[in-house]
């Protein structure tokens, strides 16, 4: 009896070691991200770091610049002029931001409804003021507000009336709010309208078939669908309110008695740095205001995210 011998299997060829691709991918990723990281570091991180460095020193008439630690921050926390400007900006935020966002939302809903004739014209017309630079808009409205040379003065002369001065100390904040609302309503309208356009039309049709009214569709379908856009627009508006500078800075020449150097925190910082030559304390005020803005914006974002998760 003979046994059949099975052919011997040839040894498998040696496997080539795969080159580590993870390291190459990481290097490629950093190569693509390097331009952004460099610009971000130079334009964002470096100024903040330099401001923090400046805030730890104080320039004195005798002895020059000396290290003072946190003394500048202690002074800022007890600076009545700074907190008066911050309170004024807070009041501006509480009144102007809801009004502006409400108008922008109404316009966006009207354009999205499909029942507005010439919606392309209205969309461009409402957005057009955003294309006007803030300096030009402030100058334009400042001349309209003038009681001696502007529209208000011409109306008083033509009709023999005595309209209140929009640039008086009691009305100048409302006048600035009118300018900001005119400038940024179109910008926020575009955010809301873009969010509405990506909502599936089938949701509106299904709600209409179920007998929902137009108001019910708005409150139960459209507004919840664009909640993210509402939160983003609110955060941007809050940050913009705390950064209020261009409008009061331009109108200060027309209303020096109503708009002081500490009218807003940003205007106060500018006055400290360029008029008072207090660069170190100006950096401190800017950092404190930046922290306040970041905390409030983060709180609004956190609250909006919690509502969206419900």
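The values are calculated or read from the model by the stated rules, or taken from the named source; none is laboratory data. Since the model is a prediction, treat every value here as computed from it, not as a measurement. No Cβ is skipped: glycine too gets one built from the backbone with ideal geometry, and neighbour counts run over all protein chains shown.
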Residue 233 free of Cβ contacts under 8 Å to residues at least 60 places away in the same chain, in a helix (DSSP H, G or I), within 20 Å of residue 98 (Cα to Cα) and under 22 Å from the mean Cα position of the chain (by Cα): no
Every residue from region 255-273 that is in contact with a helix residue (DSSP H, G or I) (Cβ under 8 Å, 6 or more places away or on another chain) and surrounded by fewer than 20 Cβ atoms within 10 Å (Cβ to Cβ): 261, 270, 273
Tally, over region 37-72, of residues that are within 17 Å of residue 289 (Cβ to Cβ) and touching a strand residue (DSSP E or B) at 6+ places or on another chain (Cβ under 9 Å): 1
Filter result for the condition that a residue is at pLDDT 90 or above and more than 23 Å from residue 96 (Cα to Cα), over 282, 299: 282
Within region 96-139, tally of residues that are over 17 Å from residue 227 (Cα atoms), surrounded by 13 or more Cβ atoms within 10 Å (Cβ to Cβ) and in contact (Cβ under 8 Å) with a residue 24 or more places away in the chain: 14
Matching entry among 240, 228 (being in a helix (DSSP H, G or I), under 14 Å from the mean Cα position of the chain (by Cα) and touching a residue at least 12 places away in the same chain (Cβ under 8 Å)): 240
Count of residues meeting criterion [assigned to a helix (DSSP H, G or I) and either in contact (Cβ under 8 Å) with a residue 60 or more places away in the chain or closer than 20 Å to residue 65 by Cα (or both)] in region 250-269: 6
Qualifying residue in region 40-52 (condition: within 30 Å of residue 260 (Cα to Cα), modelled with pLDDT under 95 and touching a helix residue (DSSP H, G or I) at 6+ places or on another chain (Cβ under 6 Å)): yes
